[in-house]
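Some notes on the structure that comes next.
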Amino acid sequence: MKLDQATITALAERLENCELQAQDTTKITDEHPDMDWDDAYAIQNTIKARKIARGARIIGLKAGLTSHAKMKQMGVSTPVFGFMADYYAVPDGGEVKVSELIHPKVEPEIAFVTKSELRGPGCHIGAVLAATDFVMPGIEVIDSRYRDFKFDLKSVVADNTSAARFVVGGQPADVADVDLRTVGIVMEKNGVPVAFGAGAAVLGHPAAAIAMLANHLAASGECIPAGTLILSGGITEAVSVSAGDNVTLRVQGMGSTSLRFV
Ligand code: 0L1
Ligand code: MG
């Protein structure tokens, strides 16, 4: 690690305050160009600890930047991992207040819920499918705390991978009943299709993102517990939204889920 504990604590406070006050900031690597991956995840973990200390529950995990479309959109080449706090969850068909966010975008994703523990290293697609209770449509609302979404990967990891809100819903499916590589998705904004894709856009198979997450957690002795909700990453580029927009994600064989921006 390159940063001392006081700097990690101060950067976590700054980024979390930006999230809670819907204010943007410049990317933290501008001031700390030498920070490493351990520093970045330590800042993210400090943000998580601050939320837990205030009484929030951590209700899920996420993989981000798992599709070539997203990587190309953001000019990066590696997936990243983050967490979801309880207040990020929006009921199916529910409202997201844009006044609480900076510059929200939506991503169409496949959400997994596990029924048994997943532990790396060596976690693979087969282990993920065996440990999956069901999959369902999920829309992630991302909201980078960095001005104009200008960041690099370490800054993004520190900022909990831009996690802000999410909705899951539709018809949960057994992984035995769906080919997650060929499953088709359409995301609509105000009734107009704005993003199309298939599951294979996520690392060839969305379960690969979950395996990568398990292998990532293993490096710090952690695992994905049974009963964990995980967003596997945007299948397409993220789409900007503003107040008044209605967003619906339809996934082949899994129904739809939606939210409204007010
Ligand atoms: O979930 C994601 O793919 C977002 C990762 C962070 C990068 C961004 O803000 O677009
Ligand atoms: Mg995402």
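Since every read-out is calculated from the coordinates, none of them should be taken as a lab result. This is a predicted model, so every value here is computed, not measured. All Cβ positions, glycine included, derive from the backbone under ideal geometry; neighbour counts span all protein chains shown.
On the stretch given as segment 49-83, residues that are over 19 Å from Asn215 (Cα atoms) and either within 16 Å of ligand 1 (Cβ to nearest atom) or aliphatic (A, V, I, L, M) (or both) total 15. The set of residues in segment 94-132 that are assigned to a helix (DSSP H, G or I) and closer than 24 Å to His216 by Cβ comprises Ile125, Gly126, Ala127, Val128, Leu129, Ala130, Ala131.
Candidates in segment 133-145 are the residues that are within 27 Å of Asn246 (Cβ to Cβ) and out of contact with any Phe, Trp or Tyr (no Cβ under 7 Å at 6 or more places or on another chain); of these, the one that is farthest from ligand 2 (Cβ to nearest atom) is Phe134.
Answer yes if at least one residue in segment 61-71 is in contact (Cβ under 8 Å) with a residue 24 or more places away in the chain and either acidic (Asp, Glu) or more than 24 Å from Gly184 (Cβ to Cβ) (or both), and no otherwise.
yes
Among the residues of segment 138-160, the ones that are part of a helix (DSSP H, G or I) and of a type outside the set (D, E, K, R) come to 7 in all. Residue selection: Ala10 fails the criterion of being more than 17 Å from Lys150 (Cβ to Cβ) and within 16 Å of ligand 2 (Cβ to nearest atom).
The conditions of being among the polar types (S, T, N, Q) and either within 13 Å of ligand 2 (Cβ to nearest atom) or surrounded by 16 or more Cβ atoms within 10 Å (Cβ to Cβ) (or both) are met by Ser162. Of all the criteria given as (1) assigned to a loop (DSSP other than H, G, I, E, B); (2) under 16 Å from the mean Cα position of the chain (by Cα), the one not satisfied by Val135 is (1).
For Gly122, the stated conditions hold: it is on the phi > 0 side of the Ramachandran plot and away from ligand 1 (no atom under 16 Å from the Cβ).
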